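The values are calculated or read from the model by the stated rules, or taken from the named source; none is laboratory data. Values in this document were obtained by computation on a predicted structure and should not be read as measured data. Counting neighbours? That spans all protein chains shown, and the Cβs are built from the backbone with ideal geometry, glycine included. Each accessible area value is taken on the protein alone, full model and side chains, heavy atoms only, with ligands, DNA and RNA left out. Shrake-Rupley method; radii C 1.70, N 1.55, O 1.52, S 1.80 Å.
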Amino acid sequence: MALHPVEGLWGFELADDMTCAANPVSIDLTDNRQQLVFSWPKTVQYSDGTANDGVTFTVVGLDGLRLQLRRDRDGVVASITVAPDGKSFQYEENDPNAGSRFDRCDDLAS
């Protein structure tokens, strides 16, 4: 139950191809509650040349509204800290330049 605040539709407003309006990120918790699946309708091209329409993380820890994660495709350690109001979360990796704030797509969730 504690993981449910991250489920839903989210937008990364700093990237035109990841906004709520253009390409919302859907986050779903698997039935076994051990993985988070991020997916989006349109493939996104990253600065390193790779392209994806989704990514899966294994949940390795939970501390209140903070989730410790490991990205399945490459083992990168990451975290999500959900705001107390549930309307945004901060995504971070070990790389200090890899942080991102995501906002809930309230208009699309209905």
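Observations, loosely collected:
- Normalised radius of gyration (Cα atoms, divided by 2.2 N^0.38 Å) for the chain: 1.00.
- Annotation for the range 1-103: chymotrypsin sites (Phe, Trp or Tyr not before Pro) lying in DSSP loop with at most 15 further Cβ atoms inside 10 Å of their Cβ are Tyr46.
- Gaussian network model of the chain, springs between alpha carbon atoms under 10 Å - residue of Leu29, Leu67, Leu14 with greatest fluctuation: Leu14
- Residues in the range 40-51 carry Karplus couplings, in order, of 9, x, 10, 4, 10, 9, 8, 4, 7, x, 7, 9 Hz; the curve used is 6.51 cos²θ - 1.76 cosθ + 1.60 with θ = phi - 60°, and Gly or Pro positions show x.
- Calculated from backbone phi, Karplus (6.51, -1.76, 1.60) coupling profile of the range 15-22 in Hz, x at Gly/Pro: 10, 4, 8, 9, 6, 4, 6, 8
- In the complete set of protein chains, residue-level accessible area for Glu92 is approximately 80 Å², probe 1.4 angstrom.
- Proximity of backbone amide H atoms, modeled 1.01 Å from N, is registered between Val60 and Gln68, Leu69, Arg70 at under 5 Å, excluding neighbours fewer than 5 places apart on the same chain.
- Most mobile listed residue (Gly64, Gly49, Gly86) in the chain, GNM with C-alpha springs under 10 Å: Gly49
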